[in-house]
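> Here it is, the structure in full.
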């Protein structure tokens with residue numbers, strides 16, 4: 001199991017960014033080494049904390065969970081995404097984890113840039 005945190009900045013206010021975060025789809029497909037990583041998730045909103053937590057319900061990971069948070073900054077906000085995942089193949093963890101981490105981090109940054 002691996003846990004990562006990805007940070008991305010936007011000029012949107014934290015409230016505006018949270019509004020975008022809570023409207024994100026609960027189904028994701030990301031390109032990965034000539035194929036794709038896919039999962040469906042259940043999300044729970046915590047508006048007073050500007051946080052959306054999620055847990056994979058079906059998909060390619062043995063387990064995947066995390067949270068998106070919008071934190072105010074002087075220039076807008078920082079979106080922090082905590083992800084904990086397990087690919088489910090211990091012998092390949094050393095190889096796959098860094099590759100998957102890059103794909104997930106890129107997806108977060110691309111999503112926030114699209115806000």
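> When you check residue 93 against the structure, is it more than 12 Å from the chain's Cα centre (by Cα), assigned to a helix (DSSP H, G or I) and closer than 18 Å to residue 31 by Cα, yes or no?
So residue 93 does not fit the description; no.
> If you scan region 72-88, which residues turn out to be in contact (Cβ under 8 Å) with a residue 12 or more places away in the chain and not in a strand (DSSP E or B)?
Passing the criteria: 75, 87, 88.
> Would you pick out the residues in region 43-80 that are in contact with a helix residue (DSSP H, G or I) (Cβ under 6 Å, 6 or more places away or on another chain) and under 17 Å from residue 1 (Cβ atoms)?
If the condition is that a residue be in contact with a helix residue (DSSP H, G or I) (Cβ under 6 Å, 6 or more places away or on another chain) and under 17 Å from residue 1 (Cβ atoms), then no residue fits.
> While we're here: May I ask you to list the residues in region 44-71 that are surrounded by fewer than 20 Cβ atoms within 10 Å (Cβ to Cβ) and either out of contact with any strand residue (DSSP E or B) (no Cβ under 8 Å at 6 or more places or on another chain) or not in a strand (DSSP E or B) (or both)?
If the condition is that a residue be surrounded by fewer than 20 Cβ atoms within 10 Å (Cβ to Cβ) and either out of contact with any strand residue (DSSP E or B) (no Cβ under 8 Å at 6 or more places or on another chain) or not in a strand (DSSP E or B) (or both), then 47, 48, 49, 60, 61, 62 are the ones that fit.
> Across region 14-42, what is the total count of residues that are in contact with a helix residue (DSSP H, G or I) (Cβ under 9 Å, 6 or more places away or on another chain), surrounded by 13 or more Cβ atoms within 10 Å (Cβ to Cβ) and either in contact (Cβ under 8 Å) with a residue 60 or more places away in the chain or closer than 13 Å to residue 83 by Cβ (or both)?
The total comes to 7.
Each reported figure results from applying straightforward, stated rules to the coordinates on display, with no laboratory input. This one's a predicted model, so the numbers in the text were calculated from it and none came from an experiment. Because the Cβ atoms are built from the backbone with ideal geometry, glycine has one as well, and the counts that use them run over all protein chains shown.
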